[in-house]
1. Any idea of the accessible area per residue across the range 119-209, 1.4 Å probe, to the nearest Å²?
2. Taking all protein chains in place and a 1.4 Å probe, what share, in percent, of the accessible surface of the range 339-387 do carbon and sulfur account for?
3. List, in order, the whole-Hz ³J(HN,Hα) value for each residue of the range 130-140 obtained from phi through the Karplus relation with A = 6.51, B = -1.76, C = 1.60 and θ = phi - 60°; use x for Gly and Pro.
4. Simple spin-label model, 7 Å along Cα-to-Cβ: residue 424 to residue 444 in nm?
5. Quick one: what are the phi-derived ³J(HN,Hα) couplings along the range 234-246, Karplus 6.51/-1.76/1.60 with θ = phi - 60°, whole Hz, x for glycine and proline?
6. Per-residue HN-Hα couplings for the range 494-499, Karplus 6.51 cos²θ - 1.76 cosθ + 1.60 at θ = phi - 60°, whole Hz, x for Gly and Pro?
7. Taking a 21 Å limit on the Cα-Cα distance, which of the listed pairs 195/251; 252/507; 251/325; 127/161 fall beyond it?
8. Could you check the simple spin-label distance between residue 451 and residue 473, using points 7 Å along Cα→Cβ, in nm with one decimal?
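The values are calculated or read from the model by the stated rules, or taken from the named source; none is laboratory data. Note that this is a predicted model, so its numbers are computed, not measured. Heads up, the Cβs are rebuilt from the backbone with ideal geometry, glycines too, and the neighbour counts pull from every protein chain shown. Heads up: the accessible areas ignore ligands, DNA and RNA and are worked out on the full protein's heavy atoms, side chains in. Shrake-Rupley method; radii C 1.70, N 1.55, O 1.52, S 1.80 Å.
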Amino acid sequence: MTIPLTILPVNRELQVAPGTSILQAAHAAGIDITATCGGRGRCTSCRVKFVRGTVPPPTIMDELQLGNDLVREGYRLSCQCRVTEPSAVQVAPPLDEQAFQILGADRRVQDMGRVVIDAGITKQLVKVALPREEHHQTSDLEELLAAIGRGPADVSPELLKQLPATLREAQGEVTVTTFGRSVLAAEPGDTGPMKFGLAVDIGTTSVDTALIELESGERLASVSSLNPQAVFGGDLMSRIAFAQFNPGNLKKLQGRIIGLLNQHITEIVRESGVLSKWIYKVVVVGNTCMHHILLGIDPSYVGLAPYAPVVRHPLVLPARELHLKVHPEARVCLLPIVAGFVGADAVGVALATRIYESPEIRIAVDIGTNGEVLLGSRAHLWACSAPAGPALEGAQIRHGMRAALGAIDRVRIEDDVQVHTIGEAVPVGICGSGIIDALAGMLDAGIIDYTGLIQVEDRDRLPHRLRERVVMRGEERCFILIRQGDAGAPAEIVLTQEDIRQVQLAKGAIASGVAMLQHIAGVPDGQVAELMLAGGFGNYLSIRSALRIGLIPPLPVERIRYVGNAASLGAQLCLVSETERHRAEGIARGIEHVSLATHPDFQEIFVESMNFPRG
Ligand code: FES
C-alpha cells in the first residue's frame, strides 16, 4: 500500500510507503529539500508547511526547533514527519541564492610576486611526416612523437582513435599538447595560445572555481556557489552519515559536486569566451571529506577515530574519469592531504600565505565550515582542524546568507543600527562579516552579555531605538536588525538567541583551535608575528569586530591581516606553477597534525572560548 503525498511548489505527487519521512520520500524522488543537519531534527532547513490533509501532531523536535508560532501555522520538520495519510506540503523557500551575484573579491596569483609561471602544459606546432613507405614501417604516433622530440609517452586510446583523421585532414600540421609524460591532445592547425586551466576550491558550504590563462597567470573569470551537497547535511559528519546510509548516497553526493563543477565550467566558458576543450589542467583543493567524495571514495573512516584518510598523496587523473566537461584528457591534479580533517585546502593556505618559509612564528586561520588553523614558521608547522560549522558562512542562521548581493556585510550599533549591504542593494539577509560586526556591536552596546544572552530583562537600560529592537517572539529572544520596509527590505531580518549560540560554537571552535596550537607549540601571544585570517568573507571582515567577539586572540590590530580565500589562491598557484604544485607535497608532509579532541586540556579551552571577551 502507498499513500499519495504532493510536494509543492514543484507540484509532484509521490506514492509513498507509510511511515516514510517526507524528507526521505522527497529525496528518493529527486526533489531537493535542504537538510542542513542531515535529517537529525537539529535545524529548521527542512521545514515544510501542510497545505492539505491533517497536520500531524508536532514532535518534540518540531516544538524545539520551529517554536510555537510556526508549529501552529502548520509547519513541520520534514525529516521528523512520517507520511500516514494523503496530504500536500509546501517546501519552505530557501533564500534564492541563484539570483544573487556572488562576489569574489580576492587576491590573485599576480599579486603574489615571485611566482614563476610554469603550468606544465606545453603546446608545440609541428609538421608531422605521415608514414609513406610500406617497407619502412612506422606509425602515426611514432611520427608525432618524433616531431615533438619525445621518446615514449602516455597516450590515451581516445587520442589514438582520432589521430589518423586529425593528421591527414591537417596535412600533418598539428598542435600537440603535453603535460609531463602525457600527450593530451593533437589539434589541427595552430592553437598555441589557447592554454587555460581551472583552480577549484571545494568547501563544505561553498565551491569556488577560477579560470586562468596558463601563460600569463591572469584570472579571466570566476564563479562561486553553494555546495549542493548541503542538501544532504550542512557539516561533514552529517554528510558522512548520509553517505553511509545506503550505497547509492555516495554516488549522489559525488554526482552533486561533479554536476556543480560542470555548471561552473559552462558559466565560465560563456562569460570568458574560452572553449572548454582548451582547458587542459584543473587543480582541486578541498578538505579530506570533499576530496574523497569528489573521487567517489567512501569517506566513512574519515569520520571515525582515528580519522584516517584513504589516500594522502597528490593525485593526477584524466578529466574524463570524473566526467568533467573540459578537455577529456585534461589533467585533474588533487593536492595532497595532511591528515584527518586537515586536507588539501590547508596545504593551499600554507602555500598561499608562505607560512612555511616565514622566519617568525605566524598563524593562518582558514575560517569555514570545516576550518583549519596553521601555526609555525620555517622551523616547524602545526595544524589542526577547527570544525566551526557553517554559521560564519551564513548558514544555520535564521536570516543568514553568503556574501552575495543584498547581504548585510557591515553593521554599526550606536544609538541605533546602521547596516551596509553588498552592492548597496535591498537587504535580504546577513552574511558572516555582518554577523561578526553585529555581535561585536551588540556586546559593546550591552544588548548581549559575555555569555551571549540577549538582555531582554535589562533592555530598559538601552537607548530607546535599540530597546525597541530587543524583543521576545514567543519563547525566543531576538534582536531586530532590519524591520520589514527598512531600506526597502522585503522582510524583517533578525538575529535570534539560537543564531548567537551557533556563532558562539563556531567562534569557540576556531578560537580554541588557535589557543590549543599556541599551547602545544608553547607560543604566547607576544611571540606571534602575524595572524592571517582567510576565508570567503568578501572584503568587509572587520578585524576589530573579530577581536571583539574573541574569534582570534587579542593581538595588536597591526599584526592581523585578512588574506582572502587563501585555499583557492593556493590552488591557483599550483595551477600556474608546477614548482608550487611539487612544493605542496613537501609542505603537506612537513606539517605536524594535532588532534585536538584527544588532548586532555581541550574541553576546558573550548568551553572557555565559547564565551565572549568581557569588554
Ligand atoms: S531538522 Fe530536518 S534536516 Fe535538520
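1. Working: 4310 Å² over 91 residues.
Result: 47 Å² per residue.
2. Values: 570 of 1080 Å².
Of all accessible area on the range 339-387, carbon and sulfur atoms account for 52 percent.
3. 6, x, 10, 9, 4, 7, 10, 5, 9, 9, 4
4. 2.3
5. For the range 234-246, the Karplus-derived couplings read x, 10, 5, 4, 6, 6, 5, 4, 5, 4, 6, 4, 8 Hz, x marking Gly and Pro.
6. 10, 10, 9, 4, 5, 4
7. Cα-Cα > 21 Å for 195/251; 252/507; rest within.
8. So the label points at residue 451 and residue 473 sit 2.4 nm apart.
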